[in-house]
1. Using beta carbons and a limit of 7 Å, which pairs, at least six apart or on different chains, have the first residue in the range 47-74 and free of Cβ contacts under 8 Å to residues at least 12 places away in the same chain and the second one surrounded by fewer than 16 Cβ atoms within 10 Å (Cβ to Cβ)?
2. Name the residue, out of LYS105, LYS84, LYS78, that is open to solvent by 100 Å² or more (accessible area, probe 1.4 Å) and modelled with pLDDT of 90 or more.
3. Can you tell me which residues in the range 15-27 are modelled with pLDDT under 85 and open to solvent by less than 90 Å² (accessible area, probe 1.4 Å)?
Amino acid sequence: VPFISVLFLTFLLLFLALFPGAFNCCTKLSDEIPKGILRRVERFEIQKAAGLCHLEAIILYIEGRKFCVSPRIRKVKKWMKKNKHKIPRKKNHGKKQRRIKIIKKKQ
């Protein structure tokens with residue numbers, strides 16, 4: 001019996017390592033959202049219906065909690081257009097910063 005438990009735990013850890021987003025997918029969506037909640041959103045992400053996540057969703061983060069809403073809600077679409085700056089940006093590691101060359105004009 002202990003061997004089976006260790007084997008199951010090993011497979012579970014392997015699955016989590018290979019598919020880290022598997023348990024972060026939205027599985028249920030809300031079709032309505034009050035405007036008061038939209039005002040408190042700190043950031044949001046767009047979940048595509050690909051890979052392990054089978055639903056298209058908008059993930060709203062408010063005070064450390066996540067809310068999954070339908071991307072078809074008109075209020076949410078309008079809010080997203082106004083708040084594009086709240087989409088988390090990925091940092092480009094390994095890219096060199098562009099240097100600006102200052103050229104002095106001869107007088």
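1. Listed by first residue and then by second, the contacts come to LYS48/GLU56; ALA49/LEU55; ALA49/GLU56.
2. Values: LYS105 fails: modelled with pLDDT of 90 or more; LYS84 fails: modelled with pLDDT of 90 or more.
Exactly one of LYS105, LYS84, LYS78 is open to solvent by 100 Å² or more (accessible area, probe 1.4 Å) and modelled with pLDDT of 90 or more, namely LYS78.
3. The answer is PHE15, LEU16, ALA17, PHE19, GLY21, ALA22.
The values are calculated or read from the model by the stated rules, or taken from the named source; none is laboratory data. Computed from a prediction, not measured in an experiment: that's the story for all the values here. Neighbour counts are summed over all protein chains in view; Cβ atoms, including those assigned to glycine, are modelled from backbone coordinates with ideal geometry. Keep in mind that these areas ignore ligands, DNA and RNA; they rest on the heavy atoms of the full protein, side chains included. Shrake-Rupley method; radii C 1.70, N 1.55, O 1.52, S 1.80 Å.
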